[in-house]
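Enquirer: What follows is a single structure, and I will ask about it in a moment.
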2 protein chains.
Amino acid sequence: MIQKINKAGVCAPLGFLASAVNADVKGKGKDKKDLCLLYSEVPFKTAAVFTANTFKAAPLRHAMELMKQGKEFQAVLVNSGNANACTGALGIENCETLAQAVADSLGIDPSKVLTGSTGTIGVQLPVDRMVSHIETLADELDDGNSDLFAEAIMTTDTFPKQAGVLVETANGAYVVAGVTKGAGMIAPNMATMLCYITTDAMVNDKNLQAALDHAVKGSFNSITVDNDMSTNDTVFLMANGMSGIIPDMDEFKEAVATVCLELAKMIVKDGEGATKFITVNVKNASTEEDAKKCAFLIANSPLVKTMFHGEDPNWGRLMACVGASGVKADESTTDLYFEDLLYAKGGLIIDPAMEPKAAAIMKQPEISITLDLNTGSESATVYTCDLSREYIAINADYRS
Amino acid sequence: MIQKINKAGVCAPLGFLASAVNADVKGKGKDKKDLCLLYSEVPFKTAAVFTANTFKAAPLRHAMELMKQGKEFQAVLVNSGNANACTGALGIENCETLAQAVADSLGIDPSKVLTGSTGTIGVQLPVDRMVSHIETLADELDDGNSDLFAEAIMTTDTFPKQAGVLVETANGAYVVAGVTKGAGMIAPNMATMLCYITTDAMVNDKNLQAALDHAVKGSFNSITVDNDMSTNDTVFLMANGMSGIIPDMDEFKEAVATVCLELAKMIVKDGEGATKFITVNVKNASTEEDAKKCAFLIANSPLVKTMFHGEDPNWGRLMACVGASGVKADESTTDLYFEDLLYAKGGLIIDPAMEPKAAAIMKQPEISITLDLNTGSESATVYTCDLSREYIAINADYRS
């Protein structure tokens, strides 16, 4: 049985400890923790999903290289304020220097240390300053520090993002918990997303990667942060086995998916200025790819997002997105719903007198819309938020 | 010789007359002309480019049907305030009703009348009210009414957009002139773009279409309005031959391209809140498609656009776009220029001390950047504007 845990973070599973300090990574004297360490009392198996961006940041290339040798690690050092991206060979060297310093402090092998970075691109890390704080990070490791870790990885996020579940089995319980950071603005395709998920379940590399791939598809790859586009996007799933429980794989997959979806929704809710959480469903498309393409085009459209902010059921903008997506669709067979309200059938509004009903739905803080293409049997769901600032008033008020 | 003409509009070529009225198309009693008529004393040959959106608006489908029969027309009726899109069979009937009324007023065949619409999608046109104004439009036709026509087709545009050239040849002169409307906000992929270009040169259908296709590629298809996405985007090129001049085709193509580029740049400059005009060059890509794809990804990135508004030479965001575009590129061979200043070579910043020089360039109202991929020999140029409103301050000030 999978139960959500309140306030669970990366240290919720057995054996995971964390710490965080202010290392002034940006060099601007900000009063914010920006360097943090995650450590497991025993090595953990690791699965990972990295950005599809051709220009991957140094910590990703460093981790990918290490993972070719083996999938077992014991510590992760993460900084915010500097992405260590577009930093060439020196960027990789800096990862190695940091990993060595962490390894020295913890008495482990440097090949067991992963690093992660988020922040400005194209600037070298202040490695010496960072190294000078690593001893402190090692000393302060504690299983009560999930929140500190969550805060330290934030950049433009307005709140820390953590989630976790307890899975009870016939042989005992295990925990899956995680932390993520998105960005204040959800629309751009370069917002760096970092996510670290920990578990004390006993899972081998292959099953771990399968569970993560499944979870990412329905969560981080179904929100409009476009996590495959930043130079730094990374999701790690780390299993140290300390619960002694070998989980049922279906249940484990569901547990990881639950945590990822909750974290992904938090990223959407933290969209800069977001006032509404929007679920876009595309039903009965001819392929799953079509369904996702169409749903993403709707979810990314500034005109659609401003329409939600303006609470205006300007359904034609949604129809235009379907046509613009280039997926198999015909105006005369496309149906449109606001929540469960069938508003347009076969491409035509059913009755303009229904507008007040649709307008009432548009006033909800969470709104679901559905486009039924009636060209097949595949579906997709994408999560997004409205665009709420003054600059878009011209579009939000377009029909006034 | 091609010379730009100041304040030239659709009536600048011989024989073209226009008129405009307030027909209250939106039904909200706005004080704005929103219905206009363009007429030529003799029939004109017509070339057209329509949106690639699957769900084409009724006037486009109406025009495409008529153009299957012949490319000769004599009048165009255009309204703003209602797109006549997603309006089914009745939408087409309404085009026919309007064309009939125009034909009756002018004493021409209804098959010689084109219609065009821009505005809200999914609402039927107030045809009776529109028809009631057509007699007035016919009565008020005058070659001094270019400006009225330009104003009547505006929606969220903040200024009318007209351009024209005079082409002097050994046998006399002809004129190419045009009007366009974009939208206050440039980024969205559904801003309706309408463009009407007139000329008194004598050109046949085939050459006319070739000239228009060439011009659109380098102008309307090289700005970030994504003109192939709206349900209504249309460019018409109309040649009535009244100058008696059969132009040299290379010169004619250049004249049409000049007018289109000037109009397209005006659309970019009218981007909502735009404070900067940005030229994005991608050089030495392996294919022209790669070059354009990469340039568009940069030009459409909210993070890049906010960076321009923040006047911050945060070059890493540009590099990240190259990687995100998925085109053939390697970080270690990519060079980056602010204007002519080589700022990053082989993926690395040349010298952080150059930042003040780049920052000074970023303060210019018009800025050109160049990404040299060094993976081939193809290039592309795309025009865009910054994103300037408060809501994006969080990204513009990201490095502060």
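Enquirer: Look through B:Asn6, B:Asn94, B:Asn82 and report the one residue that is free of Cβ contacts under 8 Å to residues at least 60 places away in the same chain, in contact with a Gly (Cβ under 9 Å, 6 or more places away or on another chain) and either of a type in the set (Ser, Thr, Tyr) or surrounded by 19 or more Cβ atoms within 10 Å (Cβ to Cβ) (or both).
Expert: Checking each option against the conditions leaves just B:Asn82.
Enquirer: Could you tell me whether B:Ala257 is aliphatic (A, V, I, L, M), within 14 Å of another protein chain (Cβ to nearest Cβ), outside any loop (DSSP other than H, G, I, E, B) and surrounded by fewer than 24 Cβ atoms within 10 Å (Cβ to Cβ)?
Expert: no
Enquirer: Of the residues that sit in the range B:287-308 and are away from chain A (no Cβ under 13 Å) and in contact with an Asp or Glu (Cβ under 7 Å, 6 or more places away or on another chain), which one is farthest from B:Thr224 (Cα to Cα)?
Expert: Going through the qualifying residues, I end up with B:Thr287.
Enquirer: While we're here: Among the aliphatic types (A, V, I, L, M) and at pLDDT below 95: which single residue out of A:Ala358, A:Ala320, A:Ala344 fits that description?
Expert: Every option except A:Ala320 fails the conditions.
Enquirer: Being touching a residue at least 40 places away in the same chain (Cβ under 8 Å), outside any strand (DSSP E or B) and within 29 Å of A:Ala75 (Cβ to Cβ): is that true of A:Thr275 here?
Expert: Criteria not met by A:Thr275.
Enquirer: Checking B:Ala52 against (1) surrounded by fewer than 24 Cβ atoms within 10 Å (Cβ to Cβ); (2) assigned to a strand (DSSP E or B); (3) among the small types (Gly, Ala, Ser), which test does it fail?
Expert: In the conditions (1) surrounded by fewer than 24 Cβ atoms within 10 Å (Cβ to Cβ); (2) assigned to a strand (DSSP E or B); (3) among the small types (Gly, Ala, Ser), B:Ala52 misses (2) alone.
Enquirer: How many of the residues in the range A:342-364 are within 16 Å of A:Met307 (Cβ to Cβ) and in contact (Cβ under 8 Å) with a residue 12 or more places away in the chain?
Expert: 10
Enquirer: Scan B:Gly122, B:Gly144, B:Gly116 and give me the residue that is assigned to a loop (DSSP other than H, G, I, E, B) and at pLDDT 95 or above.
Expert: Going through B:Gly122, B:Gly144, B:Gly116 in turn, just one is assigned to a loop (DSSP other than H, G, I, E, B) and at pLDDT 95 or above: B:Gly144.
Enquirer: Taking the conditions exactly as written (aromatic (Phe, Trp, Tyr) and within 24 Å of A:Leu348 (Cβ to Cβ)), does B:Phe73 satisfy them or not?
Expert: no
Enquirer: Hey, can you tell me all the residues within the range B:332-358 that are at the interface with chain A (Cβ under 10 Å from one of its Cβ atoms), within 19 Å of B:Ala291 (Cα to Cα) and either crowded, with 20+ Cβ neighbours inside 10 Å or in contact with a Pro (Cβ under 8 Å, 6 or more places away or on another chain) (or both)?
Expert: B:Thr334, B:Leu336, B:Ala344, B:Gly347
Enquirer: Do we find a residue being under 13 Å from the mean Cα position of the chain (by Cα) and either modelled with pLDDT of 90 or more or hydroxyl-bearing (Ser, Thr, Tyr) (or both) anywhere in the range B:186-193?
Expert: yes
Enquirer: For the range A:308-348, which residues satisfy the criterion of being among the aliphatic types (A, V, I, L, M) and either assigned to a strand (DSSP E or B) or within 25 Å of the chain's Cα centre (by Cα) (or both)?
Expert: Those that are among the aliphatic types (A, V, I, L, M) and either assigned to a strand (DSSP E or B) or within 25 Å of the chain's Cα centre (by Cα) (or both): A:Leu336, A:Leu341, A:Leu342, A:Ala344, A:Leu348.
Enquirer: Under 6 Å between Cβ atoms, at least 6 apart or on separate chains: pull out the pairs that start in the range B:153-172 with a residue that is in the same structural domain as B:Lys33 (by TED's automatic domain parsing) and end on any residue that is basic (Lys, Arg) and part of a strand (DSSP E or B).
Expert: From residues that are in the same structural domain as B:Lys33 (by TED's automatic domain parsing), the pairs are B:Ile153/B:Lys181; B:Met154/B:Lys181; B:Asp157/B:Lys181; B:Val165/B:Lys4.
Enquirer: Take B:Ala299 and decide whether it is under 26 Å from the mean Cα position of the chain (by Cα), among the small types (Gly, Ala, Ser) and either under 25 Å from A:Ala89 (Cα atoms) or outside any loop (DSSP other than H, G, I, E, B) (or both).
Expert: Yes; evaluated as a whole, the condition is true for this residue.
Enquirer: With the condition kept exactly as written, say whether any residue in the range A:121-134 is away from chain B (no Cβ under 14 Å) and either over 30 Å from B:Pro352 (Cα atoms) or touching a Cys at 6+ places or on another chain (Cβ under 6 Å) (or both).
Expert: No; the residues of the range A:121-134 include none that is away from chain B (no Cβ under 14 Å) and either over 30 Å from B:Pro352 (Cα atoms) or touching a Cys at 6+ places or on another chain (Cβ under 6 Å) (or both).
Enquirer: Restricting the search to the range A:309-331, which residues are facing another protein chain (nearest Cβ under 9 Å) and acidic (Asp, Glu)?
Expert: Hits for the range A:309-331 are A:Asp330, A:Glu331.
Enquirer: Next question, about the same structure. Please enumerate the residues belonging to the range A:9-49 that are in a loop (DSSP other than H, G, I, E, B) and buried (at least 18 other Cβ atoms within 10 Å of the Cβ).
Expert: Scanning the range A:9-49 gives A:Gly9, A:Val10, A:Cys11, A:Ala12, A:Pro13, A:Leu14, A:Ala23, A:Asp24, A:Val25, A:Lys26, A:Lys33, A:Asp34.
Enquirer: Among the residues of the range A:97-131 satisfying the criterion of being closer than 27 Å to B:Gly316 by Cα and among the hydroxyl-bearing types (Ser, Thr, Tyr), which is surrounded by the fewest Cβ atoms within 10 Å (Cβ to Cβ)?
Expert: Once the filter is applied, the top-ranked residue is A:Thr97.
Enquirer: Tell me, which residue of the range B:105-120 that is among the hydroxyl-bearing types (Ser, Thr, Tyr) and within 14 Å of chain A (Cβ to nearest Cβ) is nearest to B:Cys95 (Cα to Cα)?
Expert: If we take residues in the range B:105-120 being among the hydroxyl-bearing types (Ser, Thr, Tyr) and within 14 Å of chain A (Cβ to nearest Cβ), then B:Ser117 is nearest to B:Cys95 (Cα to Cα).
Table: residues versus (1) at pLDDT 95 or above; (2) in a strand (DSSP E or B); (3) aromatic (Phe, Trp, Tyr).
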site: B:Thr198; (1), (2), (3): yes, yes, no
site: B:Gln209; (1), (2), (3): yes, no, no
site: B:Lys217; (1), (2), (3): no, no, no
site: B:Asn221; (1), (2), (3): no, no, no
site: B:Asp226; (1), (2), (3): no, no, no
site: B:Gly244; (1), (2), (3): yes, no, no
site: B:Asp250; (1), (2), (3): yes, no, no
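Enquirer: How about the range B:60-101: which of its residues are assigned to a helix (DSSP H, G or I), within 14 Å of chain A (Cβ to nearest Cβ) and not acidic (Asp, Glu)?
Expert: B:Leu60, B:Arg61, B:Gly88, B:Ala89, B:Leu90, B:Gly91, B:Ile92, B:Asn94 - these are the residues of the range B:60-101 that are assigned to a helix (DSSP H, G or I), within 14 Å of chain A (Cβ to nearest Cβ) and not acidic (Asp, Glu).
Enquirer: Tell me yes or no: at least one residue of the range B:276-291 is surrounded by fewer than 20 Cβ atoms within 10 Å (Cβ to Cβ), in the same structural domain as B:Gln74 (by TED's automatic domain parsing) and either in contact with a Gly (Cβ under 7 Å, 6 or more places away or on another chain) or at positive phi (or both).
Expert: Checked against the condition, which is being surrounded by fewer than 20 Cβ atoms within 10 Å (Cβ to Cβ), in the same structural domain as B:Gln74 (by TED's automatic domain parsing) and either in contact with a Gly (Cβ under 7 Å, 6 or more places away or on another chain) or at positive phi (or both), the range B:276-291 yields no hits at all.
The values are calculated or read from the model by the stated rules, or taken from the named source; none is laboratory data. This structure is a prediction, so every number in the text was calculated from the model and none was measured. For neighbour counting, all protein chains shown are included, and Cβ atoms are generated from backbone atoms with ideal geometry for every residue, glycine included.
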